[in-house]
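Please treat every number below as a calculation from the coordinates, not as lab data. Owing to the predicted nature of the structure, the values given are computational and were not obtained by experimental measurement. Here the Cβ positions follow ideal geometry from the backbone for every residue, glycine too, while neighbour counts run over all protein chains shown.
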């Protein structure tokens, strides 16, 4: 396997007869802001779960920061942060209690954990509800808390599954700035999102998965180079995405079929 | 222009909900884990069916004798026992309820009437309700054998009694859920509950003395209960047997009035839910507090002996326990019941037995009871994790730390309860002899440590999500219920055998020595299995995450 922050080799996952992820070879260099795209059911979440230890691959290998995940899982996990699908929060703790819990789980001492918790809650604008349990947070607040928990230990790789979904514009702006600063300092960010504008604005490199197979991978400029756009105008990520994923989609539903609605 | 949904009648809506329930059950059973669950449930159903059917014969015979001999007061007692079982049992054994939260149906254009009827119907899909209905049917059959002509009157009374009980049970359940959804109310209720239990201890001996004075004290108390539904039901049947149609009709009208009254209250509750009432801690708005500056002593940790991960899990478990009203009450119940048992079976003046059971007999039995009650939740120890379970698999730890943290919390609760119970025992009937005390405590360590290893494996292999702070619709997996039952039966058998051998050989210290050895082996075995359980967790993580994040 080659060097890189995130490297996968023939990563495959089957669910019974369904081949959810099919022989994926990913290469993400350290410090990259990497966007992982694909239509619904393409295998994005399955891939991110395998990369973060939430799901065992059927075959293939995952290497993070030069360490093999299957044999060095604890060392690997110590250096990564995750906002998983569904956020993975303990909903009956308060935000502060949850951050303290996560900090201690990552081995931080109590003083550091408490200090970082307070700073993160302040930054995420969650500090004014100290007694509310997470179950009573709005979706956006829960998302911000999940993000705070993912970075409390200062990870070297950050996996974010739809991190901006439900987050208000103000907080999203601050978060984007924070994530940008983190990549400048060498943190690798692996992000999935359906909002292609966000990915285009934040990510330097992108991979596209479709029906479990990796159909494109490279920098935005490399992907643009492969697509013929209008002369004098830069091809957007949406156009690249539709061009790659839309190929051979003749079976897409036609609007006429919904005549009872439109 | 798009059309809008047409109107569907109440019957159609109920039929759709029934179909939905069937489809959910069918799809659920397709999963491998669920099939094990089903097998466990079938075993449980067979076991409890034997008890319920056996009691049905007793109710049938009781009703027959009551009618044949003219002791109608016995019939009243039968109705009272059914009402108490129907209403009280679900509070203590909430695990047998339906697992479908019918309030989720509110997103659909369901009428309030359909919502009410569906909610009411769910009240019948409950172990206590099914058993009670069966016993009421047995009473009907018993009366039919004694006096066939009474059958139509009995059917009317029994039907009203069933409707009223279903309504009360749903009403109590929904009110309790609403009340206990707030932390402050939970604390208040808990305080009242403890006070009531302690008060019972003071009046217990007086009641016991009164009971010893007259064998028919229970029956002589019945006239005071005559305005209440079970007495009305029994009296109405008695009136019908005496050919007093007016008294029978007024009895039936009384039951109808009770049913109407409770139905109105239930309608009011369900209407609030129908309007979108949300039960959560947020119901009581929290005052926004100023943030306190971080304490300079913040690095001091009372759990310094433990690794940060184990300490973090332990703290989290404590917070979850403190915030889960029903679990907290269920943990407080055993010592309180021990207190009650000491007055009933122990000491110089027991209220139930003629001679008090000696502390040497009472203490091992009491510990066995405590373990039976308190160890069962350990067999589904991830029940309340929800999506948070993912944190355990993304954090840099070995899963043994999570299990250790959870088991330590459980052991701490057990220790507290044992100390409380022992103190009560010492105050009420005295301590057991030293050999029995040591033997029993060692037996407890052996049983608890041994069970933790098995319970952890069951929790990982057959997880079942439970709703936090909810008493309705909660059930552990069928497999975990049966494994818990089987293991506890086996351990009780081993412990009894060792105690018996100690008595038989007339060597009071023999059980203590054997149990000390077993306890040491059990603790060593527990720690030896933690690594194996870590591997199990790794293999089972997909099932765990999928089941608990649902």
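Taking other Cβ atoms within 10 Å as a rough exposure proxy, A:131, A:77 sort from fewest to most as A:131, A:77. For residue B:504 and residue B:411, the difference between the fully extended length at 0.36 nm per residue and the C-alpha to C-alpha distance is 30.3 nm.
A full extension of the chain between residue A:30 and residue A:243 corresponds to an added length of 73.8 nm, given 0.36 nm per residue minus the alpha carbon distance.
Computing FRET efficiency as 1/(1 + (r/R0)^6) for residue A:111 and residue B:333, where r is the C-beta to C-beta distance and R0 is 45 Å, gives about 0.70. Using the Cβ-Cβ distance between residue B:134 and residue B:419 with R0 set to 51 Å, the FRET efficiency from 1/(1 + (r/R0)^6) comes to roughly 0.75. Comparing A:177, A:42, A:30 in a Gaussian network model of chain A where C-alpha atoms under 10 Å apart are linked, the largest mean-square fluctuation is found at A:177. In this simple spin-label model, placing a label point 7 Å from the Cα along the Cα-to-Cβ direction at both residue B:244 and residue A:169 gives a separation of 7.9 nm. Note on residue A:56 and residue B:225: their simple-model spin labels are 5.7 nm apart, each label 7 Å out from Cα toward Cβ.
With the simple model of a label 7 Å out from the Cα in the direction of the Cβ, residue B:147 to residue B:361 spans 4.4 nm.
Counting only C-alpha contacts under 8 Å and six or more residues apart, can you give the relative contact order of chain A as a whole percent?
Details: 436 pairs, mean separation 63.4, N = 262.
Computed over chain A, the figure is 24 percent.
Computed from the C-beta positions of residue B:496 and residue B:304 and an R0 of 45 Å, the FRET efficiency is 0.65 to the nearest 0.05. Place a point 7 Å from Cα of residue A:14 in the direction of its Cβ. Which residues in segment A:194-224 have their backbone N less than 19 Å from it? The answer is A:211-214. Which of the three applies to segment B:308-548, rounded, prolate or oblate, going by the alpha-carbon gyration tensor with a ≥ b ≥ c and a/c under 1.5 meaning rounded? It is prolate, given that a/c is not under 1.5 and a/b is the larger ratio. Sequence-distant contacts, meaning Cα pairs under 8 Å at least 6 residues apart, place the relative contact order of segment B:308-548 at 29 percent.
Against the empirical 2.2 N^0.38 Å (N residues), chain A has a Cα radius of gyration ratio of 1.06. The smallest convex shape that holds all Cα atoms of segment A:75-173, its convex hull, gives 92 Å³ per residue. Peptide A:109-115 has a mean shielding of 5, counted as Cβ atoms of other protein chains within 10 Å of each residue's Cβ. How big is segment B:401-524 by the Kirkwood estimate over distinct Cα pairs, in Å? Over segment B:401-524, the inverse of the mean reciprocal pair distance is 16.4 Å.
Among B:385, A:238, the order by Cβ neighbours within 10 angstrom, fewest to most, reads A:238, B:385.
Dividing the convex hull volume of the alpha carbon atoms of segment B:356-423 by its residue count gives 90 Å³ per residue.
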